[in-house]
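For reference, the structure is listed below as C-alpha cells.
Bear in mind that the values in this text are calculations on the coordinates, not laboratory data. This structure is a prediction, so every number in the text was calculated from the model and none was measured.
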Amino acid sequence: MSDTPSAAKDTLRIREMTIDDFPEVFHIGEQVFTAESFQSLYRTWDEYEITTLFNSDSELCLVAEAGDRILGFALGTTVTKHNSPWKYGYLVWVGVRLDIQQGGVGSGLFKEIKHRMKEQGVRMMIIDTSADNQPAIRFFEKQGFGDVQDHVYMSLNLSHKNRKKTVKKP
Ligand SMILES: CC(C)(COP(=O)(O)OP(=O)(O)OC[C@H]1O[C@@H](n2cnc3c(N)ncnc32)[C@H](O)[C@@H]1OP(=O)(O)O)[C@@H](O)C(=O)NCCC(=O)NCCS
C-alpha cells in the first residue's frame with residue numbers, strides 16, 4: 001500500500017478505537033504533539049490521556065485506518081456545566097501521521113466525531129490549540145470553527161527566593 005494522501009483517502013475507514021490501537025495512537029501523538037510546538041503544563045500528550053478519554057467516552061475515541069495501518073485519531077469528550085443547559089463537545093486531541101497530513105484524514109475524523117457528538121446532544125463543539133499552531137487553526141477554520149478567544153497563561157517560579165531590593169548608598 002502506498003502512503004500517498006490520495007491512496008489514504010480512497011481506502012479511509014473511521015472506526016472506534018480499541019485497546020489494541022493504544023500503542024499506535026500513542027506513537028502517532030508523540031510524532032505530532034511535540035514538546036516544543038504543542039504541550040503545556042495542563043495539556044501534555046501521554047498514555048493517560050488516551051486511557052482517561054477512552055474510559056470516559058469510548059464512542060468519541062476514533063481512529064482512521066487504511067488497510068491495517070492507523071493514519072490518525074480523534075479523541076473527544078462531552079462537558080456539561082451546572083449553569084448552562086448546553087452540552088459541549090470537546091475535541092481534545094486530533095492527530096494525523098506526518099507523512100499523510102493534508103490528505104483529508106483529519107477532515108474524515110472530524111466529520112465522524114462531529115456526527116457522534118451531535119447524536120449525543122452536543123450543541124457546541126470546542127477545541128483549543130497553541131496560538132502559533134497555524135496549520136491546526138486553518139484546519140479548524142476549514143471545519144467551520146470561529147470565535148477565536150485569547151487566553152493568557154502566566155507562570156511564577158517559586159524556586160527562586162524573593163530578593164529584597166536594597167537601595168545602594170552613594
Ligand atoms: C491538524 C491536523 C489534524 C489536520 O489533519 P489533516 O489530515 O492534515 O487535514 P486535512 O487534509 O483534512 O485538511 C483539511 C483542511 O485543513 C487545512 N489544513 C490542513 N493542514 C494544513 C496546513 N498544514 N496548513 C494550512 N492549512 C491546513 C486546509 O484548509 C485543508 O483543506 P484543503 O486540503 O482543502 O486545503 C494535522 O495537521 C495534524 O495532525 N497536526 C498536528 C497535531 C495538531 O496540531 N492537532 C490539532 C490540535 S489537537
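Things to note:
- Value of D in µm² per second that Stokes-Einstein yields for segment 5-142, Kirkwood Rh from Cα pairs, at 37 °C (0.692 mPa s): 215
- Once the chain from residue 138 to residue 118 is taken as fully extended at 0.36 nm per residue, the excess over their C-alpha distance is 4.9 nm.
- Computed extension length for residue 126-residue 155: 8.0 nm, one decimal, from 0.36 nm per residue of separation with the Cα-Cα distance subtracted.
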